[in-house]
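Here the structure is laid out as structure tokens; the discussion comes afterwards.
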Amino acid sequence: MKLTSEQEAILATEQDLKINAVAGSGKTSTIVAYAKQCDPSKKLLYLAFNKSVRIEATQKFTEENLSNVMVETAHSLAYKNVVRKHGYALQANGYKSHEIAKILSIKSAGKKHSELVVANHVAKYAALFCNSAALKVGELNYLETITNEESQEFVHTHHQQIYVQTRTFLAKMNSGEIPITHDFYLKKYQLSKPKLFYDYIFFDEGQDASPAMLDIFKRQTATKILVGDTHQQIYGWRNAVNSLEKTNFKELRLSASFRFSPQIATLAHKILLWKKHLGQDPDIKLFGRGKHTENKVKATIARTNLGLLLRAIEFIKENKRVKHIYFEGNLSSYTYADDGASLYDVLNLKNGKKRLVRDAIIKQMSSLEDLEEYIKQTDDVQLGLMVEIVKEYGNEIPKILQDLKSKHVENEEKNKAEMIFSTVHRCKGMEYDSVQLVNDFVGEERLKVLIEKDDADPSRLNEEINLLYVAVTRTRNHLYIPENLVPDGIGPTPSLHIIKTVAKEKDSKSETDRALKSYLKEKSYAVEKVRETHKKAYQKWTPELDEELLAMYDEGIPSRVLAIHFNRTTGGIRSRLKKLNGW
């Protein structure tokens with residue numbers, strides 16, 4: 001492969017180095033090229049962010065006959081040296097709140113379900129410590145990580161109990177009294193200050209490393225090469241830190257993306273400039289050199305599970321002929337919370353059928369309102385989203401999930417999918433020919449409103465900008481983006497399609513918020529009433545408008561969104577599509 005001048009500069013560097021690489025800039029190819037030029041007698045270690053990246057990287061190094069490169073994840077190294085070496089039992093899926101409450105014999109402190117709330121915070125506090133570089137639990141201020149007001153109040157009141165129980169919980173894992181978690185054995189490995197006997201160590205996706213991972217990496221005497229993208233950090237909620245900003249290595253860049261066009265690059269660049277509202281002065285170089293023309297692999301990307309599920313439901317309802325869909329990370333990961341609760345559990349609670357509830361926590365709730373109170377005290381976002389879905393769809397949920405599952409293909413048949421659905425977090429590192437964004441991201445106007453709030457968290461708002469940046473840079477060819485997410489001065493191009501939305505407001509609600517209230521519940525209005533809100537509802541369709549309508553429909557954009565874009569009724573859009581398609 002022909003190297004760029006930036007890549008050549010990286011290969012010519014023989015010292016600790018951090019590579020700030022924009023999306024689609026060929027960072028893995030650059031690492032492979034670096035490894036190829038190294039003396040074959042040298043030992044190289046490539047640390048991948050997760051298992052899927054590890055598999056892909058192993059294949060690339062094998063194809064280049066680089067047998068002196070070992071590919072691992074931080075967790076796989078820790079597993080070999082802690083779990084396997086010392087014979088620990090593993091709790092692969094972690095502990096649920098009710099299990100921790102039982103293990104620690106936590107009693108209710110008067111308030112309803114307080115033992116479960118305490119256990120929930122013990123799990124989070126333990127995870128915070130295990131992912132940190134701290135030597136002791138007491139070095140960390142757990143309270144400052146809580147953003148929800150009711151949750152803050154609970155933690156403040158019960159802080160000493162949560163602290164003591166967290167230490168007890170960790171001690172029980174350390175002694176082998178109970179099985180250990182993935183987070184715990186990584187922490188134990190980090191505290192052992194391991195020495196890795198390699199000449200070169202590459203650490204990929206460094207912007208999302210935990211402090212524990214980074215501490216292991218920085219302690220090594222090998223030539224260390226850290227690779228990542230400052231603006232792709234989206235795992236702060238998992239206690240990740242932007243390691244590119246936490247190291248003083250020499251910095252070089254990969255600023256040309258071979259994935260997408262110059263127009264998409266300009267859009268992404270301007271989105272990142274929103275960080276100026278947070279008092280940052282981002283030094284960004286981003287060039288688009290992609291020349292892809294295929295439009296086979298189509299994806300819908302959302303910020304939240306809820307936004308994605310709503311769009312997927314809408315998609316299969318409106319596209320009866322669609323046979324195959326695919327969810328990145330598998331469909332079940334969108335219908336179960338981390339703590340094990342399912343949509344069915346929440347639905348059965350709502351219907352008063354507690355005998356059918358399988359989840360131990362939800363089984364202890366007397367009503368949906370009771371569960372919502374628990375959610376407020378624990379700040380359990382996933383469970384909160386499930387409650388919203390159940391409120392919206394109620395007893396339709398079993399049929400909806402059955403329809404989704406019947407069309408969902410397995411990993412090996414992903415290429416058959418007519419639409420791929422994913423949240424930003426699950427499609428990290430992926431790319432598609434055509435990408436359609438759900439309108440549940442934070443746009444510039446919304447960002448300004450959030451900044452003005454008293455409890456504004458700059459780091460979280462920075463991550464909101466990163467989420468949109470990651471989403472728009474997943475495309476190789478076409479991007480369909482709601483207009484309220486588009487920076488000023490950006491217009492439509494052959495590769496960038498801007499979808500009209502409701503009029504911009506200072507505190508405009510997202511598609512998720514609106515959909516929950518009015519999803520496919522269009523009423524029949526008199527012609528005069530329709531004309532008040534849809535001024536073009538009865539204007540003549542032109543060949544140009546027909547062509548645009550069909551193109552957007554073929555992308556899987558729902559009629560509700562098309563109605564807003566073309567300023568017509570949903571019924572009018574469906575009627576026109578029937579005529580054009582000869583249904």
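The values are calculated or read from the model by the stated rules, or taken from the named source; none is laboratory data. Remember, predicted model here, so these are calculated numbers, not experimental data. Methodologically, a virtual Cβ is constructed for each residue, glycine included, from the backbone with ideal geometry; neighbour enumeration extends over all protein chains shown. Heavy atoms of the whole protein, side chains included, go into the accessibility calculation; ligands, DNA and RNA do not. Shrake-Rupley method; radii C 1.70, N 1.55, O 1.52, S 1.80 Å.
List of remarks:
- For the pair Lys540 and Val164, label points projected 7 Å from Cα toward Cβ lie 8.2 nm apart.
- For the peptides 275-282, 347-354, the ranking by mean Cβ contacts within 10 Å, running from highest to lowest, is 347-354, 275-282.
- Counting every C-alpha pair in the chain, the share spaced more than 40 angstrom apart comes to 31%.
- Pair Glu418, Asp281: separation of 7 Å Cα→Cβ label points (nm): 5.3
- For the chain, adding -39500 (n - 2.57) for each run of n ≥ 4 DSSP H residues and dividing by the number of residues yields -12500 deg cm²/dmol at 222 nm.
- Measuring against 26 Å, Cα to Cα, the residue pairs Lys43/Lys250; Lys51/Lys124; Lys51/Lys218; Lys96/Lys448; Lys85/Lys195 contain Lys96/Lys448 as the ones spanning a longer distance.
- When the alpha carbon gyration tensor of segment 266-321 is reduced to an equivalent ellipsoid, its three semi-axes come out at 33, 20, 6 angstrom, largest first.
- Each listed q (0.24, 0.27 Å⁻¹) maps to a log10 I(q)/I(0) for segment 316-368, found by the Debye formula over equal Cα scatterers with no solvent: -0.84, -0.95.
- For segment 257-331: relative contact order, % (alpha-carbon pairs under 8 angstrom, 6 or more apart): 30
- Each peptide in 223-230, 140-147 receives the mean, over its residues, of other Cβ atoms within 10 Å, and ordering these scores from highest gives 223-230, 140-147.
- Placing a label point 7 Å from the Cα of Glu56 along the Cα-to-Cβ direction, the residues of segment 192-207 with a backbone N closer than 20 Å are 202-207.
- Segment 209-317: relative contact order in percent, alpha carbon pairs under 8 Å with at least 6 residues between: 22
- Here the accessible area of segment 1-117 is 48 percent carbon and sulfur, with a 1.4 angstrom probe and all protein chains present.
- Contour excess over end-to-end distance, with Cα ends at Glu294 and Lys36 and 0.36 nm allotted per residue: 89.7 nm
- In this structure, Ile316 and Glu63 have a Cβ-Cβ separation that, at R0 = 41 Å, corresponds to a calculated FRET efficiency of about 0.60.
- Extended-chain gain in nm, criterion 0.36 nm per residue less alpha-carbon gap, Lys102 and Ala12: 26.7 nm
- Estimated FRET transfer efficiency when R0 is 51 angstrom, pair Lys218-Asp370 (beta carbons, to 0.05): 0.65
- Rg over Rh, two decimals, segment 1-87 (C-alpha only, Kirkwood Rh): 1.01
- Its residues counted as N, segment 45-135 yields a C-alpha radius of gyration over 2.2 N^0.38 Å of 1.57.
- Carbon/sulfur fraction of accessible area - segment 256-370, other protein chains in place, 1.4 Å, %: 48
- Shape index of segment 63-214: Rg/Rh, with Rg the Cα radius of gyration and Rh the Kirkwood radius from the inverse mean 1/r over Cα pairs, equals 1.04.
- For the chain, the relative contact order comes to 15 percent (Cα pairs under 8 Å, sequence separation of at least 6).
- For segment 371-420, with all protein chains in place and a probe radius of 1.4 Å, 46% of the accessible heavy-atom surface sits on carbon or sulfur.
- Considering segment 199-241, its Cα convex hull presents a mean projected area of 2.7 nm².
- Cα coordinate range in segment 368-420, projected on the principal axes (Å, largest first): 43, 23, 13
- Protein heavy-atom accessible surface, 1.4 Å probe, per residue over the chain: 47 Å².
- Whole-percent pair-distance distribution, where bins are 5 Å wide, for the alpha carbons of segment 329-406: 3, 17, 29, 28, 16, 6, 2, 0
- Point-to-point label distance, Lys579-His324, nm (Cα→Cβ direction, 7 Å offset): 3.5
- Percentage, to the nearest whole number, of Cα pairs in segment 390-460 over 21 Å apart: 55
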